[in-house]
1. Just the number, please: Stokes-Einstein D of region A:140-301 in µm²/s, Kirkwood Rh from C-alpha pairs, 20 °C, 1.002 mPa s.
2. Please state the shape class of chain A: rounded when a/c is under 1.5, otherwise prolate if a/b exceeds b/c and oblate if not, all from the C-alpha gyration tensor.
3. Could you list B:505, B:88, A:398 so that the one with the fewest beta carbons within 10 Å of its beta carbon is first and the one with the most is last?
4. As a test of the definition: which semi-axes, in Å, follow for region A:49-145 when you take the square root of five times each eigenvalue of its alpha carbon gyration tensor? Largest first, please.
5. How big is region B:604-689 along each principal axis, measuring the range of its Cα positions in Å and listing the largest first?
6. When the Kirkwood radius is taken over all Cα pairs of region B:263-366, what Stokes-Einstein diffusion coefficient follows at 25 °C and 0.890 mPa s, in µm²/s?
7. Taking a ≥ b ≥ c as the square roots of the Cα gyration tensor eigenvalues, with a/c under 1.5 meaning rounded and otherwise prolate when a/b beats b/c, else oblate, which class fits region A:309-639?
8. Output the peptides B:633-645, A:117-129 sorted from most to least packed, where packing is the average of other Cβ atoms within 10 Å over each peptide's residues.
């Protein structure tokens, strides 16, 4: 058998002696050794700033860094949390491992005294790269907290908190996602029994995608169209039990299962759910905002607008917990690998060059590094916005809701778009090794790809932002007040960019103004077209549809402007950190100039920037690449990801890339299981050849 | 147990009755029924052209279509070729299935009288979606045919042809890919024994990535630095046996294995190979172009430039066998799904609209459809180029080699870039269901992503094209002859686009000229910068590096121009097919205008196109979307992929999307295997809850 022979003593002896020889020659070090690849070490010795200080700033203070590292140390010291074999696991194995980690985490948090709303939980999540089960269980809880009465909260939340029940949030159906009003599941109230009867009337009404549903959940918050005496009252949320707590079997009338393999998230049991004549008591409709009385009277109470806050909060949450850190990781992996990997020669007599010394590689990675910082710094901005809105909304003042909604929709869309594209660039920038699962990059990319769809499909979100902006523009024209994030629409356009040299383009005022001009112009054009279509007799809906390509462009330009503006503000706030302010200013410049360089048409179109000025932008942009390249490794080191969290053969702190690829490959089932392919198909063929060689 | 209960008689009864009910209501049809989803059927009734006729044109004649369908029928009728469970298989299972299909295919071809160079083989490959083993075995054979002497060919090829041996092509090393001269494996000639001794001197010299190496190959063509009497003669190719033909065990001194999981290509056993003091006879160096005599004399014979042809041919091959059909498939899936999926309302009173009726969805998919046609039509152009060059080169006239090399490098790079990006757009355009493995789209995307790296990393390839173009431009300036694909560089630039209305932009002369201008201008700018840097004292290599971002832009613009030009020529040749010419002309216009719309800055920069003209482009472009939308389904139907070849729950000919998603999910191991997660982790938690509910 190949495997047994491979591992035979003689071979093993060779393998060990070969390793020992390479080790002596400095090319192959044993695991656990902390010495660093010299090509990576050099990069760290020339940092223009204190990495530790920048880490503290990114963490929001040195105290947070300390807490984070303490949490990471606890998590990484427990084998039960290990993600070591993740890339070799089947969907079934990944699911089981995620459940294991989640249950262990609950125990560990209890043991350590960490609470659900304490600072540690997000660091646990970071340490585990989000590979946990029961994410939708949290949504289940939040929906009860938001939509349930005090009695309902008192009944269900304690059970959910202790994992005595596992809940899911069953909203999306096979045939319905974005358009909630189109959901087809029905809940019919029967006065005689005081029960709701839930049904899945069509295959397209089957619940499809809810996480934790496929194999775990015992309960579900199910969204269904409420019918009383034949009249439809629209969507409402109902709690129902879907599996037995005794033996986990599906409840009578419930068909439930797993939707099968996906591009990623194999650790999550996304599921399907069909209901046939499931009866639940009247108390199981979540009734904070609307209630069905025993006689069938439908009562509405207060405004349920506050529910938007849950959606908004979820979007903000995934950006800072799931999305942005994933880009930071991809940058860390690709940047470290790019100073370890050598290829071709820059000058004929030299040794092969580090690939990060090629301008094309810098062009791929360094704007992403700047983007990673730009997005990380958006956290403060969005939180401030959210907290202000939250306070007002809790006081039943919903004035800021449209802006908060539009802002988070657009920011979610632009960040997930850029992060996804960025991770793909990182993957491909690592060549063949990036394509290996062991690089970690395929995992990061495929994870990000989902974020463009979940919690609001990005095109839909950009159009929501655009709708808000069109209203803001109308307010500008009619002299109405304008929400803070859109006040720039009313400022006067200077008509021409004032830069005279390439150095002028390193002035934040210059590029901020260019972005402002672009955002205003694109929105203005789209709105004018829309108005023109309506005035010439088109139906409002049809006119809107005919403008959507341009409205999306306008919304993107708006979000891009906000990110640039916030980056500029962040740089200003670093005035007491001279060294760090300097490098962050470079990143801000790079982010802004890369955006102009990559979208020149938007700035050239109305002559705001001339062809000569584009040459200046290009020159400044390319010069910045060479400057930031020198700090590239310190800039990713500052993200301070542990090797365990990165889980990448290419991205580890010590840079022993080739050794890790080799060692990790040994663990692959392809090297541990003997394939039937040889005995069944190949052996008979080879036997024929024996006599001929 | 959840599973047994799920399948219990009662549940099954419910499930069946539910299905029967849905079936009667027309929402759920049994498999095998050929009736088509009415939303898809409607689209086919309004085709503006004969789908069958367009299929014949795409196939290069109705005879080819007949042959293709006959081959597909044979392949799909054999269960041994099935790819039905592909998305549920582990890496080990996929490998075994690929070996099985390859061995069956060899038998089937023999049985049918199909030959290795006959027309059927490419249709077999198409029917099987390329999921076969031994792809690198073919490269092994080709390298012997190209580099071997007649005796070497006579010895090895018959064995390889019959699969009596399986070969691999071991070139790439852990630390070396693109830069071949940097390979570190050594082959030292020993006069006393008349043998070469091969070694892997460092871990970075380990062969890494070769396909068919990990678990299958018995032999390898290994590239190594040849040393004779201490002098290095550079890279040469050696044949060596790496596994026993008797029991498949690794040969003494050989460490070989699989490199583990990847983003895709799990059916291929990409492998690693370490050599320690492997001795092979002198005859095992492939010696058509260079030979080592018994006394150690090194003899070079003729020019080995002809080897470039192998590389060029491989690139052309993968484009038409692997890459372009994959984009065609992705378009088929996403387009069909987009007329079956309904979401939100275009007009308040209407039912939910087909998502393809939204302008934003058209903007995502229809330019890709145009791109798919553009690339498919490049086949004729590239083949003509290749055949001309091939004839000359066989006659030892190498004049056309640089052009052939530059052209295929750039075309490979632009096509793989666009196809990869396109498949990603298709995936995301299908929302959550696109992300399900069962859509087939993750598989198609991840497959394409690899093509940007293998057979030449795209940035490197674009720079090779750019180097050729810079030389062409110098030839223009010095009045030297210019290769045909670059003659346009010498034509006079009109300075301003002549279009006066949006309809003018539907004239091929107008947009071809715009692309020509852009390509010439970008190349000119990059070359001027390069010259300026050298003149101001920069080293040639450093100057080149500082221009590479712009040189890549120039190479892309050149390739883009060639594709547009060829599309225009193709439309002209369809003059006897009025209906088809009309729709293909629309696609050509769309491809060209989408390129301008997406890169406005390149055309605005020097004032060639004005802002007002960009508005005309935009108007024409958006109008075209609405026109082509009406033929979108017939246009993908014309690709004529079988359901088996598409292997997509979203893309089947009959459009029963939701039914297939549900039925396929049932086959997932997540629904067949009971997870330990329940018994180990969840059950203990739920027991605690029982008393409280």
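Read the figures in this text as sums done on the coordinates, not as results from a lab. Since this is a predicted model, take the numbers as computed values, not measurements. Cβ: placed from backbone, ideal geometry, glycine included. Neighbour counts: every protein chain shown.
1. Working: Rh = 15.9 Å.
Result for D is 135 µm²/s.
2. Numbers: a/c = 1.87, a/b = 1.12, b/c = 1.67.
Note, shape of chain A comes out oblate.
3. Numbers: B:505 26, B:88 21, A:398 16.
So the residues, fewest neighbours to most, are A:398, B:88, B:505.
4. Computed over region A:49-145, the values are 25, 18, 13 Å.
5. Over region B:604-689, Cα extents along the principal axes are 73, 35, 22 Å.
6. Values: Rh = 20.3 Å.
Using the Kirkwood radius from Cα pairs, D works out to 121 µm²/s.
7. Numbers: a/c = 1.80, a/b = 1.48, b/c = 1.22.
Judged from the Cα gyration tensor, region A:309-639 comes out prolate (a/c at least 1.5, a/b above b/c).
8. Ranking, from highest mean packing down: B:633-645, A:117-129.
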